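Each value in this text was obtained by applying a stated rule to the coordinates, not by laboratory testing. Please read all numbers here as calculations on a predicted model, not as lab measurements. Here the Cβ positions follow ideal geometry from the backbone for every residue, glycine too, while neighbour counts run over all protein chains shown.
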Amino acid sequence: MNKSTMHRLLVLAGIAISLVSIQVAEAQKQPVDLVNPLVDAANSRWFFFNSASRPFGMVNLSPDNGINADWGAGYRYHQDSIKCFSHIHGWQLSGVPVMPTTGEFKGHLGAEQYGSRFSHQKEIVKAGYHKVVLDAYNIIAELTSTTRVGFHKYTYPASAQSHILFDFSTFLGPSDTQKGYVKKVSNQEIEGYAIMAPTIRRPKVLPVYFVAVFDKPFDSFRGWRNGKLETISGVIEGERVGAYLSFKTKAGEVRKMKVAISYVSEEQARINLKTELSHWDFEKTVQDSRSDWNNWLSRIDVQGGSDTTRSRFYTDLWHALQGRRIISDVNGKYSDMTGPERRIKQIPLDANGKPKFNHHNSDSFWGAQWTINTLWHLVYPEVTESFVNSMVMMYQDGGLIPRGPAGGNYTYVMTGASTTPFIVSAYLKGIRGFDTEKAYEGLRKNHFPGGMMSKAGYEHNTFKGGGIEYYMERGYVPHPLSKTRYGFHQDGSTQTLEYAYQDYTLAQMAKSLGKTDDYNLFMKRAQNYKNVWNPDLGWMWNRTLDGKWAEPVDILRYDNGWEEGNAAQYTWFVPHDVQGLITLMGGREKFTAKLNSSFEKAQKHDYVSGKSHDNETLEELRRVFLNYGNQPSIQTAHLFNYAGAPWLTQYWTRQVIEKVYSGLSPDYGYSGDEDQGLMGSLSVLLKTGLFSTNGGTTPEPFYEISSPIFDRITIKLNPKYYKGKQFVIDAKNNSAANLYIQSAQLNGKPLDRPWMLHETVVNGGTLTLQMGAQPNKSWGNKPEQAPVSMSSEAAKR
């Protein structure tokens, strides 16, 4: 063998070994390693971006490239400077911004002056970890966290003047900082609080307490007020204040800082610190965070698909476990802001002295019936139970079950009683570790005057914008309701459709609890969706105060009686009675043709109103028949299952995934408003091929089947709630082209319908799907094979 041949063989052998090594490395990647926090980061809303955070963490520590705005603030990928690192990025929550600097101190001049340019080339962002170089100061900043403690590691250059500042004069995300207080405890510890100002959504102040400890002593403690440095003796307090610590550093010197927060007190922050982070091993905390995330993400194992596809899936799942943050302390203390005065209360403890659940902050549950209702209840039932307990506790504290609480405040975000389907679905699925009678009592109150159905969005001081009295008397909420706009979201037709669905869901809980009169009442009200169906128009439409159909007619006009949507999108909003809607439209063929036509029109604009929320706000991009970038019509692709055309559900869900929820770009990814995990959850459900149009609120909850994009999906079930060990979806011969179900077997027996009971799934087993490139139009197409609706239930009785 000559040298040339030998060389070629060695090169080929080397290539083969390298390929095997790459494949082994890819195979060894854990779900947490596949998370890409930068997806859609160019369009981040304040609470969207996450890096140094734990699941539902009180602390979400990350860089803020943008301040002074809710939508344009936080981490924004294309902004080239970091203003600060702040610890809280939640729904109407913010606080405790810090920044390491060197040289002449200029923190008192504001974030625009002390901020630093940075480069993505020198940045590492992972689930639970963020590393960035502050170019202005040549400081390497690394961030990680526990649930309630932010952990900072700063590597400084040689400097006679190195600093860490705490700026309580900053406008962060949704709110200004009304007041600050910082006290030097020792030369390695400070404590204090920030009073976050009210917002239009959160009408009360929000106190955030903190304790910060340092691994090395600082030399001096100084402060500023109203943009001017000020001599202080261990304490600074008031409006537009800040504090900073100074020390000398050698080249490459590492300084570590732990910042614990609490909404109760500094002492509670200290308890959180001592309980969750008693050591100074930064790398250990990074690994602990990685393991924590991996345990949560590994509840769903996916096989098949490309590296990008799997990475995007776990990024979506990661988003589903973010945003709706814990606001109670490690020992169960919490701040109750529901009354005229702030009250400190205690979550009940279990036999081991641990809180039985957490208190939670949350954006609206508006649209949750199609997202976290299904994902959390099935995969993370313990999370569901904690949230339900939190909401019931808030009812006991303040008299109403919330639909989007902020730091213990009511916000009255959006419309309707959107938490009713969430709680009812949990109850019907056997998640009942809460006071069910008290929960029902609170839910029922929300469906009458004086409850959530009385309030339109952010209606803090009146109970008029919800129009519930009109709904009860006439069967619909007029639009316009009045000349006065009591709340932001006063859109009568949307409210009518939501109330009817939510009434149906509450009826099912009433029936299970033996409350027959309530069951009959709410089932009658659940028919009210028919009162905004205009048979001459063939679409849902607005009815005015005099009972007439509103004019002029424009089914694509946005917000005109339709909350964050239009009549074309909301026509399909009858989650509890798709069969009834099919009847209104003249039968299955007409229904299918009309819905398919809407998808064909939507295909031209990739099923969304632009690729970001900024675009979604443009009037010309809102005139669309369907929009998968926001909640009102994200169930539509699954409605074909009800009309005898499951193959169209399979086709259109795949198209939506490809155009809306694919790729790893920082410039797009959720095509609108991700809303604290709602669209991440939707993406996960679309890709697993499981969905629930009614949000799991029929007497026997079920899952509809679409077209999973992976070859094999294993859902690991929580044994404390469900009998089965796991449920497997095995899609044979699956590919981008082979998207149609040819046949199905459930636990080895033929399945001829496009749905299966929740009870069957949680008892464990396997759904086997034979996939192919051509639709099998006879599978699941018979009327008796369609998923259950209110009308079909009534027909059986």
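As a test of understanding, state the convex hull volume per residue of segment 695-797 from its alpha carbons, in Å³.
112
In µm²/s, what is D for segment 402-538 at 37 °C and 0.692 mPa s, where D = kT/(6 pi eta Rh) by Stokes-Einstein and Rh is the Kirkwood radius from Cα pairs?
Details: Rh = 15.2 Å.
Answer from the Stokes-Einstein relation: 216 µm²/s.
Most tightly packed first, judged by the mean number of other beta-carbon atoms within 10 Å of their residues, the peptides 515-522, 441-448 read 441-448, 515-522. As a proxy for reagent exposure, ILE190, ILE236 were ordered by neighbouring Cβ count within 10 angstrom, fewest first; the result is ILE236, ILE190.
Rg/Rh for segment 39-297 (Cα atoms only, Rh after Kirkwood) is 0.93. The lysines whose alpha-carbon is closer than 19 Å to the alpha-carbon of LYS122, local same-chain residues fewer than 8 away aside, are LYS83, LYS131, LYS153. Positive end of the dipole of segment 367-516, charges at C-beta (+1 Lys, Arg; -1 Asp, Glu), about the Cα centre: which of TYR395, PRO478, ALA426 has its Cα farthest in that direction? My answer, from the dipole projection, is PRO478.
Using the Stokes-Einstein relation with a Kirkwood hydrodynamic radius computed over Cα pairs, the translational diffusion coefficient of segment 210-285 at 10 °C and a viscosity of 1.306 mPa s comes to 110 µm²/s. Projecting the Cα atoms of PRO646, ALA141, VAL302 onto the dipole axis of the chain, where Lys and Arg carry +1 and Asp and Glu carry -1 at the beta carbon, places VAL302 farthest toward the positive end. Excluding same-chain residues fewer than 8 positions from LYS659, which lysines have a Cα within less than 21 Å of its Cα? Straight-line reach from LYS659, under 21 Å: LYS601, LYS604, LYS611, LYS687. The residue list TYR209, ILE190, THR177 was ranked by how far each Cα lies along the charge dipole of segment 175-218 toward its positive end, using unit charges on Cβ atoms, and THR177 comes out on top. Relative to the Cα centre, the charge distribution of segment 39-297, modelled as +1 at Lys and Arg Cβ and -1 at Asp and Glu Cβ, gives a dipole magnitude of about 80 debye.
Provide the net charge surrounding GLY332, with neighbours chosen by a C-beta distance below 15 Å and charges set as Lys +1, Arg +1, Asp -1, Glu -1. After counting each charged neighbour, the total is 0.
Can you give the net charge of the other residues whose Cβ lies under 14 Å from the Cβ of LYS723, counting K and R as +1 and D and E as -1?
Computed value for this residue: +3.
Residue ranges 338-348, 319-329 sort as 319-329, 338-348 when ordered by packing (mean number of other C-beta atoms within 10 Å per residue, highest first). Sequence-distant contacts, meaning Cα pairs under 8 Å at least 6 residues apart, place the relative contact order of segment 517-576 at 24 percent. Mean sequence separation of contacting Cα pairs (under 8 Å, at least six apart), scaled by the length of segment 39-297, corresponds to a relative contact order of 20 percent. Using the alpha-carbon atoms, what tilt in degrees (0 to 90, nearest 10) does helix 381-398 show relative to the longest principal axis of the chain? Rounded to the nearest ten degrees, it is 80. Given axes a ≥ b ≥ c from the Cα gyration tensor, I'd like to know whether segment 675-729 is rounded (a/c under 1.5), prolate (a/b larger than b/c) or oblate. Note, shape of segment 675-729 comes out rounded.
Each Lys or Arg adds one and each Asp or Glu takes one away; over the other residues whose Cβ falls under 14 Å from the Cβ of LEU349, this sums to +2. Overall shape: oblate for the chain, with the ratio a/c of the largest to smallest alpha carbon gyration tensor axis at 1.5 or above and b/c at least equal to a/b.
Listed peptides 465-473, 223-231 appear in the order 465-473, 223-231 once ranked by packing, highest mean of other Cβ atoms within 10 Å at the front. Measuring between alpha carbons in the structure, the pairs from LYS274/LYS345; LYS548/LYS796; LYS716/LYS777 lying more than 24 angstrom apart are LYS548/LYS796; LYS716/LYS777.
When only Cα pairs below 8 angstrom with a gap of at least 6 residues are kept, the chain shows a relative contact order of 11 percent.
About its Cα centre, the chain has a charge dipole of approximately 960 debye under the convention of +1 per Lys or Arg Cβ and -1 per Asp or Glu Cβ, with nothing else charged.
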